[in-house]
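Asks: Below you will find the structure I want to go over with you.
The values are calculated or read from the model by the stated rules, or taken from the named source; none is laboratory data. Everything quoted here is computed from the prediction, not taken from an experiment. Glycine gets a Cβ as well: all are built from the backbone with ideal geometry, and neighbour counts include every protein chain shown. Note: areas computed on protein heavy atoms with side chains; ligands, DNA, RNA excluded. Shrake-Rupley method; radii C 1.70, N 1.55, O 1.52, S 1.80 Å.
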Amino acid sequence: MRVRPISPERLVVELTERLLTVAPASDGSAPPAHLRVAVDGPPAAAPDRLAAALIDPLRARGRPALHLRAEDFLRPASVRYETGRTNPDAYYEGWTDEAGLRREVLDPAGPGGTGRVLPSLWDAGTDRASRAAYRELSPGTVLLVSGAFLLGGGLPFDVTVHLVLSPGALDRRTDPAQRWTLPAFARYADEVVPTSFADVVVRVDDPRHPAWVQRDDPGG
């Protein structure tokens, strides 16, 4: 495994180039239309920020792009907090409505899908359905979904980007009020091991000095 230091600006450039070279999956019945990309990482790694930073460069290269947040596909509070508001196992296993994310976003954007996606499902602030309007994806759209715990659960992404921090950096950069979530990220790292299979792995212990991790195999 090789670790290559890279600037935040260069990271966006190289990820854009990488995404432009990947062909979306196809079921053989119609031309592939959209590219579903996971930008996975804990809040301390700022996956939402990275995904958002890719939108303009992709559009400048002629590719439609849409950014959605897994945070907008949470389950209702009555489900999330059933075993308490600070239960790391519940946070890891059941806060995100993965079935809803797949049904309303990933499957419609995938091979043979309608191309009609829902940009948000649940408003956690009001604890009500977001009532967002469906959006029709333009052909060739790069659909970026950002958030935590996106990998290892069978969600159908075409490209996976994983942002990783060392345990010490994750502890330092996690808001004190959210440190109860740290055991959930430790479980994710141990049980799913996203660094072993994500298409792109980026170390972000210091957000000013990220590093691109390259595995010593053809997929690295």
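Asks: Going from most exposed to least, what order do His162, His67, His209 have by accessible area with a 1.4 Å probe?
Replies: His209, His67, His162
Asks: Another question, then. Which of the peptides 94-100, 15-21 is most tightly packed, and how do the rest follow, going by the mean number of other Cβ atoms within 10 Å of each residue?
Replies: With the highest mean Cβ count within 10 Å placed first, the list reads 94-100, 15-21.
Asks: Given the -39500 (n - 2.57) contribution per DSSP H run of 4+ residues, what per-residue ellipticity at 222 nm results for the chain, rounded to the nearest 500 deg cm²/dmol?
Replies: Result for the chain: -7500 deg cm²/dmol, rounded to the nearest 500.
Asks: In a shell of Cβ-Cβ distance under 11 Å around Arg173, excluding Arg173 itself, what net charge do Lys and Arg (+1) and Asp and Glu (-1) give?
Replies: Neighbourhood net charge equals -2.
Asks: Could you work out the relative contact order of the chain, using alpha carbon pairs under 8 angstrom and six or more residues apart, expressed as a whole percent?
Replies: Across the chain, relative contact order equals 33 percent.
Asks: Using a simple charge model, +1 on the beta-carbon of Lys and Arg, -1 on the beta-carbon of Asp and Glu, nothing else, what dipole does the chain show about its Cα centre, in debye to the nearest 20?
Replies: My answer is approximately 480 debye.
Asks: To continue, here is another question. How do Tyr134, Tyr81 rank by accessible surface area computed with a 1.4 Å probe, from largest to smallest?
Replies: Ranked from most to least accessible, the order is Tyr134, Tyr81.
Asks: Another question, then. Which net charge results for the neighbourhood of Val37, defined as the other residues with beta-carbon distances under 12 angstrom from its beta-carbon, given Lys and Arg at +1 and Asp and Glu at -1?
Replies: 0
Asks: Probe radius 1.4 Å, ligands and nucleic acids ignored: give me the carbon and sulfur share of the accessible area of the chain as a rounded percent.
Replies: About 51 percent, which is the carbon plus sulfur part of the accessible surface.
Asks: Using the Cα centre of segment 115-220 as the reference point, and only Cβ charges (+1 on K/R, -1 on D/E), how large is the resulting charge dipole? Debye, rounded to the nearest 20.
Replies: 340 debye
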